[in-house]
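Working notes for the structure below.
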Amino acid sequence: MSEQIITITIDGQEVKGTPGQTIMEVADSAGVYIPRLCFLKGLTPHGSCRVCVVNVNGRPQTSCTQPIANGMVVENDTEEIKQLRKDIIDMLFVEGNHYCQFCEKSGNCELQAVAYRLGITAPKYPYQFPNKEIDATHPDIFLDLNRCILCARCIQTSRDVDGKTVFEFVNRGPEKKISVNADAKLSDTNLDVTDKVVDSCPVGSILKKRVGFAVPIGKRIYDKEAIGSEIEKG
Amino acid sequence: MSENMKRIVIEPVTRVEGHGKVSILLDEQNKVKQARLHIVEFRGFEKFIQGRPYWEVPVLVQRLCGICPVSHHLAAAKAMDRIVGGENLTPTAEKMRRLCHYGQVLQSHVLHFFHLCSPDLLFGFDADPAIRNIIGVINKFPELAVQGVMMRKYGQEIIKATAGKKIHGTGAIPGGVNKNLSIEERDSLLKDLDQMMEWGKGAVKVAKDYTMENFDMVAPFGTFDSNHMSLIREDGAMDLYDGKLRAIDPEGNKIFDHVDVQKYTDYLLEEVKDWSYMKFPFIKSIGPEKGWYRVGPLSRINTCDFIDTPEAEKERKEFMALTDGKPNQITLAYHWTRMIEALHAIEKINELLHDSDLQGTDLVVTGKRREETVAMLEAPRGTLIHHYRVNKDDQVEMANLIVSTTNNNTAMNASVTKVAEDHLSGVEITEGLLNHIEVAIRAYDPCLSCATHAMGQMPLIISLFDHEGKLIDKKTKE
């Protein structure tokens, strides 16, 4: 028996998928980019950053977690949705200490790239200037929580891909933060520079030491093309 | 303030990089009792880079300045070369950095001469401020103004080709560079080189002719005898990127020579005064009273034995002949020497663009790790010192930045005092006379933001107080 085909529309464009696929998955296949931050291919999506929110039959839903159903009407590229996303990104910027000017992730940073894609030139909310921790104890990895956006990609990658549980969330609400193996220092963990978790961070929080700025301006991931272009090109 | 005295405040000083103010204290006869240049910015770079990883420092500290960030970028990179044991750079890396630096020296020097100073030189120090500005220059001397813009653009293009961006790039990394110069980049820069050479020579002539035609006024203006200091190459040549320290006294005798920059604290000390955020460095063996010195283009021409590019060397010889080879102390001669250096930078750019090492692919070296490091470089405004300590976890523990303008602090105060005494004593104070003070400060091309490690732009406020501290006159210009 042939597999059931589900048809939805995204911004009026008919898109087909199969049962169990999410809106984001079918959008990607159809070359429609939905901005995202906490989503990373290979990990279980959890919809926590809310950047991929789309209107589904008039209701906001996270596209990385919402399975498709026949006849769904999805709005992605609307002013309302775009504004919601911009507000989220704005808040992420002011809640941390994101100094792109001297951050080695600049040009390769997903937060910066999504902000540029959405046309954010400066945050509209006041900067919070929080005190955040730095952990430089690991010989090969530098952890800078000033730039952490609590996407949980490191928690999932370490646990589900590397099998190590190096990172975990502690505290709640505004106090929520990434912690290292029950408050030990990074050097006390079994984290290795070859672990997949090191490449999982969308911002400049988990960094390989001593390689910053080795890629010249012009050759960084988002120097020439906006984030999402690879999806739009198919 | 004692009785029967007046205080004049010039705040901020305009057409300089950054924010400072001048206060002049007059007695009942309007004689100058005291004149001071106060640096009223505070930035705190040395403190907030503590804890940051060392490889971030060259990109972070260049944010001190938008005019010569390359100086801080390269000085920090040179320092971090030593942290990673990579101070013996590959030819490609060293030449790429040098090219970047010469591009910067050119753009910074022409910006200062054509945009910041030319209004004073072309219209006169006390000309109507409504025309004594860059717009006035564009209206009356359009060709000169365009040359200034185009030469600066050329320097900026070089910076972009070597560091990725015209301002605040990332070219230099610990132990080397992150790119070479492509053939396309090289050819694009070679295209305009002949024009730059011609304009460079022309700029030296403008500065020289101005000095010689107005010699009686220029020679004593804010002028005094001082020591001079700069880096020099092993063979005594001018070297803007690297070398060892030489200091000379007013007669040209060497106070110290070929001093390893790692040992600078054995030769230089810094004094703190309660009326300025900027420190006052001096030569340790002579003491704070007489041990202060000047840096920058005038000092570099005075200290070096020769310049290793023919056109600039010809100009240096002509300049030094004025004083029979002795150090030239004319403060306004900073402009002439600045343009000689701009010409030198163009010649060096020419040399480098014809060097195939720039297309090499061996970009980075590392070696034995160190914890403490000093690096120096001749920035457009003078000797720049970066000193860091990095812990075993790769974090900066200590930073001390002695920037060019700080090195010139006492000298700028001496020039302010000299001009105040010569021009402001016993006469009615006018805007034009107050501009004389600013002209003397501008000669040094000070970067006050860098020197205190503020941002923003403020109007010039000149306040005149009577002996009771009552405001009796106030002039403001935007």
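We did not get these values from a lab; they are worked out from the coordinates using the rules stated. Being a predicted model, the structure only gives us computed values, none of them experimental. Ideal geometry is used to build each Cβ from the backbone, glycine not excepted, and the neighbour counts take in all protein chains shown.
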Note, segment A:136-144: 3J(HN,Hα) by Karplus (6.51, -1.76, 1.60, θ = phi - 60°), whole Hz, Gly/Pro = x, goes 10, 6, 6, x, 10, 10, 10, 10, 10
Restricting to lysines and to Cα separations under 18 Å from B:Lys31, and discarding same-chain partners fewer than 8 apart, the set is B:Lys6, B:Lys418
Two pseudo-spin positions, 7 Å from Cα along C-beta at B:Asp422 and at B:Lys165, lie apart in nanometres by 4.3 nm
Here the whole-number average of other chain Cβ atoms within 10 Å per Cβ of B:154-167 is 1
Full extension between B:Phe48 and B:Glu351 adds, at 0.36 nm per residue less the Cα distance, a length in nm of 105.2 nm
Filtered hits (lysines, Cα-Cα < 19 Å from B:Lys165, offset >= 8 within chain) -> A:Lys105, A:Lys219, A:Lys224, B:Lys95, B:Lys153, B:Lys179
Given backbone amide H placed at 1.01 Å from N, residues whose amide H is under 5 Å from that of B:Ser230, ignoring those fewer than 5 places away on the same chain, are B:Arg246
The simple spin-label model distance between A:His46 and A:Val193, using points 7 Å out along Cα→Cβ, in nm, is 2.9 nm
So, relative contact order of chain A in percent, Cα under 8 Å, 6 or more apart, is 20 percent
Once both label points are put 7 Å beyond Cα along the C-beta direction, the B:Asp192-B:His258 separation in nm becomes 4.1 nm
Taking r as the C-beta separation of B:Glu431 and A:Asn70 and R0 as 51 Å, the FRET efficiency to the nearest 0.05 is 0.05
With -39,500 (n - 2.57) per DSSP H segment of 4 or more residues and division by the full residue count of chain A, the 222 nm estimate, nearest 500 deg cm²/dmol, is -5000 deg cm²/dmol
From DSSP H assignment alone, runs of 4+ in chain B each adding -39500 (n - 2.57), the sum over residues rounded to the nearest 500 puts [θ] at 222 nm at -11500 deg cm²/dmol
Residues whose modelled amide H sits under 5 Å from the amide H of B:Gly291, counting only those 5 or more places away in sequence or on another chain, are B:Ile283
A correct Karplus calculation of ³J(HN,Hα) over segment B:335-351, with 6.51 cos²θ - 1.76 cosθ + 1.60, θ = phi - 60°, whole Hz and x for Gly and Pro, returns 5, 4, 5, 4, 6, 4, 5, 4, 5, 4, 4, 5, 5, 5, 4, 4, 4
For B:His38, other-chain or 5+-apart residues with amide H closer than 5 Å (H placed, Pro excluded) are B:Lys21, B:Val22, B:Ser23
Across A:204-216, the residue-averaged tally of Cβ atoms belonging to other chains within 10 Å stands at 5
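At a 10 Å Cβ-Cβ cut-off, how would you order B:His354, B:His386, A:His46, fewest neighbours first?
The order, fewest Cβ neighbours first, is B:His354, A:His46, B:His386.
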Expressed in angstrom and rounded, the centroid-to-centroid distance over alpha carbons for segment A:55-69 and segment A:195-214 is 32 Å
Cβ density ranking, 10 Å radius, fewest first, applied to A:Ile5, A:Ile134, B:Ile330, B:Ile10 yields A:Ile5, A:Ile134, B:Ile330, B:Ile10
Contact order relative to length for segment A:6-77, counting C-alpha pairs under 8 Å separated by 6 or more residues, stands in percent at 42 percent
A correct Karplus calculation of ³J(HN,Hα) over segment B:173-188, with 6.51 cos²θ - 1.76 cosθ + 1.60, θ = phi - 60°, whole Hz and x for Gly and Pro, returns 10, x, x, x, 9, 9, 7, 9, 9, 6, 4, 5, 5, 4, 5, 5
